[in-house]
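These notes are about the structure you will find just below.
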Amino acid sequence: MASNSHNKEKQYCRKIIHVDMDAYYAAIEQRDNPQYKGKAIAIGSSSKRGVVSTASYEARKYGVHSAMPSVIARQKCPHLIFVKPRFDVYKKVSHQIREVFLEYTDLVEPLSLDEAYLDVTTNKKNMQSATHIAQEIKTKIKERTGLTASAGVSVNKFVAKVASDKDKPNGLTVITPDQVQDFIKSLEIGEFFGVGEVTEKKMKKAGIYNGKDLLQKSLPELMKLFGKNGIYYYNIARGIDDRKVSPDRIRKSIGAERTFHKDIIKKSELIKRLQNINEILWERMKKAQVTGKTVTLKVKYHDFVNRSRSKTINRYLNSKDDIFTLARDLLLYSDLPERPIRLLGISISNLNTSSENPEGAQIALDF
């Protein structure tokens, strides 16, 4: 009976599309400003303390990428043009793109202004092929916004997201159910969504260089190496990702941070800045109507090294003073080194939200 049940389950699979706009902010600036077309541009400030938000593909050829300090970006690409961001425009275009998605399905889960998951297993146009839907979406986005998007199509979020990054810009990568395992085996471990630089180094130290190597590791081995995250790595190596596409995606945290014009090391000045950040966080919490139990302090030092410390209590924090007290204590009394600080941030998680998004399995026909 168990075997029959397993075979029956194998008939069912979801059709997930991950759409990711190509160099989104930079592409909008190149669209709206002819003088930037074909040029290496970066969205952000060119100041000594500036950071690149997005870089055009012309700039990426020189190794410029998002989150890179502007000073380093300029060194890599001396003719780089820095462009001030226009978030109001980026949000407006994002709404146009979202309208395209909603023509096909209401199961749209935005991850940011420029990317989203779509579940098109059943869809408003009764189209059997998720590939054809992705092609139509890309075409409509181009027609309505003048921008290109890349898309990944597969059976779950993980594979669809990784696939969308395989053929940028203006790419479309489809991984059918019978291709999933070979696709994952072929991935370099750094290509796995959820594997950052630190984890990648740890993986390689353990002899895990690609998906095939990851598949060889047992669950106990991975849990010994990575704790509860080992369960995630064990599952994705086998193409298992049951996360639903949630149009009302539950916010997991809310925060605020600030980069200082000059590095700060004096405790009294840091506390003053922390208080200002806490005020911003509290306003955002009120607007979102959320509170939480965990406060996390983020610190970025003068050399761009990041550190974070968290404290969880057994009740929801209903006053900004309580949040500030915890954040201040994390700054003053935790094991953080005393070095010049360029950025402070506070976030709150373990929020008073819940997720109930039932979703029935759908039989997959054409992919």
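Bear in mind that the values in this text are calculations on the coordinates, not laboratory data. These figures come from a predicted structure and were not determined experimentally. In this analysis, Cβ positions are derived from the backbone assuming ideal geometry, glycine residues included, and neighbour counts consider all displayed protein chains.
Listed here are the residues, each with its yes/no results for (1) buried (at least 19 other Cβ atoms within 10 Å of the Cβ); (2) of a type in the set (A, V, I, L, M).
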position	(1), (2)
Ser319	no, no
Asp322	no, no
Leu326	yes, yes
Asp329	no, no
Leu336	no, yes
Arg339	no, no
Ile346	yes, yes
Thr353	no, no
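Checking each residue in region 101-130 for being of a type in the set (Ser, Thr, Tyr) and within 17 Å of Val245 (Cβ to Cβ) picks out Tyr104, Thr105, Ser112, Tyr117, Thr121, Thr122.
Yes or no, residue by residue, for (1) buried (at least 16 other Cβ atoms within 10 Å of the Cβ); (2) of a type in the set (A, V, I, L, M, F, W, C); (3) touching a residue at least 12 places away in the same chain (Cβ under 8 Å):
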position: Ser154; (1), (2), (3): yes, no, yes
position: Phe183; (1), (2), (3): yes, yes, yes
position: Gly194; (1), (2), (3): no, no, yes
position: Lys201; (1), (2), (3): no, no, no
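If only one of Lys142, Lys204 is outside any loop (DSSP other than H, G, I, E, B), closer than 23 Å to Ala23 by Cβ and more than 19 Å from the chain's Cα centre (by Cα), which one is it? Please lay out each step first, then the result.
Values: Lys204 fails: closer than 23 Å to Ala23 by Cβ.
Going through Lys142, Lys204 in turn, just one is outside any loop (DSSP other than H, G, I, E, B), closer than 23 Å to Ala23 by Cβ and more than 19 Å from the chain's Cα centre (by Cα): Lys142.
Only one of Arg49, Arg74 is surrounded by 14 or more Cβ atoms within 10 Å (Cβ to Cβ) and touching a His at 6+ places or on another chain (Cβ under 7 Å). Can you tell me which? Spell out the reasoning first.
On the way: Arg74 fails: touching a His at 6+ places or on another chain (Cβ under 7 Å).
Only one candidate qualifies: Arg49.
Out of region 79-96, which residues are out of contact with any strand residue (DSSP E or B) (no Cβ under 7 Å at 6 or more places or on another chain) and among the hydrophobic types (A, V, I, L, M, F, W, C)? Within region 79-96, Phe87, Val89, Val93 qualify. Within region 155-185, the residues that satisfy the criterion of being out of contact with any Phe, Trp or Tyr (no Cβ under 8 Å at 6 or more places or on another chain), outside any helix (DSSP H, G or I) and either of a type in the set (D, E, K, R) or under 30 Å from Asp213 (Cα atoms) (or both) are Val155, Asn156, Asp165, Lys166, Asp167, Lys168, Gly171, Leu172, Thr173.
If you go through region 300-326 and keep only what is of a type in the set (Phe, Trp, Tyr) and part of a helix (DSSP H, G or I), you end up with just Phe324. For Gln75, state whether it is in a helix (DSSP H, G or I) and out of contact with any strand residue (DSSP E or B) (no Cβ under 9 Å at 6 or more places or on another chain). Answer is yes for this residue.
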